[in-house]
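**Q** Structure below; questions to follow.
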Amino acid sequence: MSEPMVDLNQEEKQSKQQNSGPPFGHVPDHTELPYEDGTFVKNFQEHPQSVLLTESLWPILQTLHPDGHFTIGQDSGIYWRLTEPRENGATAPDWFYVPNVPPTLNGEMRRSYVLWQEYVAPLIVIEFISATDGGERDRTPNKGKFWIYEKAIRPGFYAIYDAGKGLVDVYHFVEDRFQPVAPNQRKHFEIPQLGIELGIWRGEYKNVQLPWLRAWDLDGNLLPTPEERAEQEAQRAQEAIVCAEQEAHRAQEAIARAEHEAQVNQTLMEKLRALGIDPDEV
């Protein structure tokens, strides 16, 4: 895959030449590229947020990919250019999804996602804004995240989620550039290829009350986590038990009424016979 770079001026070309160094005789794959740079996740919310997205979307992804050919990256590197040091040629979105690629390579888990190795751009990339500015909207050529996603990686959608403000912005890659996605009437942002909407959900997850980034189906139904699905199934089971108990109670009442009516009829017939009247002739 050719290097997906856009040179805007001569200064950038010179910078690119300096960064790239001599021509590479061997193009490295994911096993030969650095997969971590010694940094750590910026706050305690980012990991559960990634898990929340992955778990709630998993049934959708399994339906879309019955062959299992998709991958999800969580704070994992996407290599978009060859340079030295090599880790400078990667960016690490907080969450991304790539359709139609195998979940493993040669029987091994990916250490990173290498564009020149797989040729498939992510459908969606999501960045979580932490307490410090991470450059999610930085358009500096070859450096800013917005520029790298728009000009080099080119995902179908780019979302920027700010937990502190309870906001999310979504961009759609159209005609070689990102264009803002307008929210629908539910203030959600539609991702038609996935059949979902992204939006802010204010509730408790993993014992933490926050404005979480979550997904809904296109009818506005929240996509539940496994725990929420289990709770819903347990609730439906309990409701079914209650309904069955109510039906049984109504049946018992009907039986009791029938027995009472039969007893009344029996008493009446006995009285008629005592008076010398045949009940069958009345």
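The values are calculated or read from the model by the stated rules, or taken from the named source; none is laboratory data. The structure displayed is predicted, hence computed values, not measured ones. Positions of Cβ are backbone-derived with ideal geometry, glycine not excepted, and every protein chain shown enters the neighbour counts.
**Q** Between Arg110, Arg139, which is more than 24 Å from Pro226 (Cα to Cα) and either buried (at least 20 other Cβ atoms within 10 Å of the Cβ) or acidic (Asp, Glu) (or both)?
**A** Just one listed residue meets the conditions, Arg110.
**Q** Test Phe178 against the criterion of being in the same structural domain as Ile126 (by TED's automatic domain parsing), at pLDDT 95 or above and touching a Leu at 6+ places or on another chain (Cβ under 6 Å), and give yes or no.
**A** no
**Q** Identify, please: which residue in segment 66-90 is buried (at least 19 other Cβ atoms within 10 Å of the Cβ) and not in a loop (DSSP other than H, G, I, E, B) and is, among those, farthest from the chain's Cα centre (by Cα)?
**A** Top of the filtered list is Gly89.
**Q** If you scan segment 160-190, which residues turn out to be in contact (Cβ under 8 Å) with a residue 24 or more places away in the chain, touching a strand residue (DSSP E or B) at 6+ places or on another chain (Cβ under 6 Å) and assigned to a strand (DSSP E or B)?
**A** Ile160, Tyr161, Asp162, Val168, Val170, Phe178, Phe189, Glu190, listed by residue number.
**Q** If you don't mind, there's one more thing I want to ask. Glu239 is checked against (1) more than 28 Å from Pro155 (Cβ to Cβ); (2) in the same structural domain as Ile153 (by TED's automatic domain parsing); (3) surrounded by 10 or more Cβ atoms within 10 Å (Cβ to Cβ) and fails just one. What number does that condition carry?
**A** Of (1) more than 28 Å from Pro155 (Cβ to Cβ); (2) in the same structural domain as Ile153 (by TED's automatic domain parsing); (3) surrounded by 10 or more Cβ atoms within 10 Å (Cβ to Cβ), only one is false for Glu239: (2).
**Q** While we're looking at this one, here's another question. Is it fair to say Ala258 is on the phi < 0 side of the Ramachandran plot, outside the structural domain of Phe44 (by TED's automatic domain parsing), exposed (fewer than 11 other Cβ atoms within 10 Å of the Cβ) and at pLDDT below 90?
**A** It is true that Ala258 is on the phi < 0 side of the Ramachandran plot, outside the structural domain of Phe44 (by TED's automatic domain parsing), exposed (fewer than 11 other Cβ atoms within 10 Å of the Cβ) and at pLDDT below 90.
**Q** What's the number of the condition Gly144 fails, among (1) at pLDDT below 90; (2) within 24 Å of Gln49 (Cα to Cα)?
**A** (1)
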